[in-house]
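Reading through the structure tokens given below for one structure.
No value in this document is a laboratory result; all are computed from the given coordinates. Everything numeric here is computed off the predicted structure, so don't read it as measured data. Note that each Cβ is placed from the backbone with ideal geometry, even for glycine, and that neighbours are counted across all protein chains shown.
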Amino acid sequence: MRGEEVSHATLRGLPQVQRLLETQRAAALIAQFGRTAVTEALRSTLDHARVQARAGGLVPGAEQLLQTATTMLAARTRPGLRRTINATGVVLHTNLGRAPLAEAAVQAACEVAASYSNLEYDLDTGRRGARTAAVETLLCELTGAEAALAVNNGAAAILLALGSVAAGGEVIVSRGELVEIGGGFRIPDVIRQGGASLAEVGTTNKTRLADYQAAITGATRALLKVHQSNFRTVGFTAEVTIAELAPLARQHGLPLVADLGSGNLHDLPGLHEPTVPHALAEGADLVTFSGDKLLGGPQAGVIAGRKERLDAIRSHPLLRALRLDKMSLAALEATLRLHRDDPQRIPVLHMLAQTDAELESRAAALLAALGLGATIRTEGFAGGGALPEERIASWAVALAVPGLSADELARRLRVGEPAIVGRIVDGHLALDMLTVSDADIPTIAAAVAALR
Ligand SMILES: *Cc1c(COP(=O)(O)O)cnc(C)c1O
């Protein structure tokens, strides 16, 4: 009984919404967020305070209530998807949005976003035009393919390719290549979704040409080769290359489909990743790859290869559901132009080509700006399913802020504006320079200074 009396008395101590709305602080909030939003925020703050008070908690004063409402309103206007500084040293980090776009790609996307465009309109004839024509020409030029098509992502590219060539029949895949790419995207499921059934050959560690040969029947519709992407089989292993599979496929009139994953177009020094032109030259009839991995463009998927196969894919009913939107299409076209004219302007390729001296001097610059920590040698990764085992020598600043654990320091930088994501190395928060630009240094320094 007594407890209830106390809590009634305490609840009376809470101000009314109306009184809070009349304060100067609320007036400023109303100017910024509007009356409805401010009223709602104050109501919900008061509701929460009432629950706390009933549970025996302290009753907050007007100032504190207004402060809580301010925080709530600020969170409401903060975008859910926001800029993040990637200091993890993983260049293609799927959780951090993979490839940052080149300036030209950003501009191209903005321009078509804010205006009408000739997306499906032929300006010469004034008739309906092909949506991805410009991108297709560039893709053929860059890969040596007869024809190409861009869709929504790499998963869509492989789904569409298999759905078109193999529906109703069997797809032969090595047991060593039945991979899960991430987010539950598994090759056996994609084959099923494409309306085909899976014929597994070989073993986890060894598959030979004779295994493929023996599995070919009247029901076979395609041979599929999948880039192992995010794992490696090491030790006692054997796999059959595209060059070895191509004659077998040709002999039986079957298409050889290669899911390359990363879409590497150039022979990058130090990166032992198969290239798209190489896979096609070796005899793959269709190759599929992502737009936002080593290609360094927007989320997209590409199918490139033989014209007759691409023509069939173009009439597949799923194409419409998997098509690329105009902003991504514009960004992809601009990125492909850079691959042709000036690849070093593509941020992903630029990052991967940085010298040890550049990385070390950026670490030294950050250290000087921070006034604490130490520069350390680290190992970064290309990421995005490319070269999981291949480390890229890099430099980082290892941070320790007195009074903060490494985890707490990492958390505070993550929730800041912009978010900064590093990784914990030997009990310190390491900010890796492989994925940080010179322009990020003052931003990081300011964020760390604000924590001290
Ligand atoms: C990444 C990847 C995919 C999927 O591509 P998304 O663009 O993420 O849809 C498919 N296959 C392989 C081998 C990959 O590495």
Task: Descending principal axes extents, the chain, alpha-carbon based, whole Å - done: 89, 55, 53
- [ ] Determine Rg/Rh for the stretch 155-219; Rg is computed over alpha-carbon atoms and Rh is the Kirkwood hydrodynamic estimate from the same atoms.
- [x] 0.98
Open item on the list: Report for the stretch 103-345 the percent antiparallel among DSSP-assigned beta bridges with both residues inside it, nearest 5.
Closed with: 45
Task: Paramagnetic label zone (point 7 Å from Cα along Cα-to-C-beta, residue 175; backbone N under 13 Å) in the stretch 216-245 - done: 238
Open item on the list: If each DSSP helix of 4+ residues adds -39,500 (n - 2.57) and the sum is divided by the residues in the chain, what number results at 222 nm, nearest 500 deg cm²/dmol?
Closed with: -13000 deg cm²/dmol
Task: Helix 24-33 vs. the chain, principal-axis angle (Cα, 0 to 90°, nearest 10) - done: 20
TODO: Treat the stretch 402-452 as a sphere of radius equal to its Kirkwood radius over Cα pairs and apply Stokes-Einstein at 25 °C in a medium of 0.890 mPa s; give the translational diffusion coefficient in µm²/s, rounded to a whole number.
DONE: 217
TODO: Fewest Cβ neighbours within 10 Å first, please rank 171, 179 accordingly.
DONE: 179, 171
Open item on the list: Suppose every Lys and Arg Cβ carries +1 and every Asp and Glu Cβ carries -1, with no other charges. What dipole size does the chain come out with about its Cα centre, to the nearest 20 debye?
Closed with: 1560
TODO: Return the inverse of the average 1/r over all pairs of distinct C-alpha atoms in the stretch 103-345, which is the Kirkwood hydrodynamic radius, in Å to one decimal.
DONE: 18.4
Task: Spin-label zone in the stretch 138-157 - amide nitrogen under 20 Å from a point set 7 Å from the Cα of residue 342 along the C-beta vector - done: 138-139, 142
TODO: Can you figure out the FRET efficiency of residue 251 with residue 281, using R₀ = 25 Å and their beta-carbon distance, to the nearest 0.05?
DONE: 0.85
Open item on the list: If you take every DSSP beta bridge fully contained in the chain, what fraction is antiparallel? Give it as a percent rounded to 5.
Closed with: 55
Open item on the list: Restricting to DSSP loop positions (anything but H, G, I, E, B) with no more than 15 other Cβ atoms inside 10 Å of their own Cβ, which chymotrypsin sites (Phe, Trp or Tyr not before Pro) remain in the stretch 202-241?
Closed with: 231, 236
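I need the trypsin sites (Lys or Arg not before Pro) found in the stretch 207-277, filtered to DSSP loop residues with at most 16 other beta carbons within 10 Å of theirs.
Within the stretch 207-277, the qualifying trypsin sites (Lys or Arg not before Pro) (loop, at most 16 other Cβ atoms within 10 Å) are 208, 232.
Check each of the trypsin sites (Lys or Arg not before Pro) in the stretch 73-135 and keep only those in coil by DSSP with at most 15 other C-beta atoms within 10 angstrom; list them in order.
Here the sparse-neighbourhood loop sites are 82, 83.
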TODO: Apply 1/(1 + (r/R0)^6) to the Cβ-Cβ distance of residue 52 and residue 213, taking R0 = 51 Å, and write down the FRET efficiency to the nearest 0.05.
DONE: 0.10
Task: Length gained when the stretch residue 267-residue 228 is fully extended (0.36 nm per residue, less Cα-Cα span) - done: 12.2 nm
Open item on the list: Ratio of alpha-carbon Rg to the 2.2 N^0.38 Å globular estimate for the stretch 212-265, to two decimals, please.
Closed with: 1.27
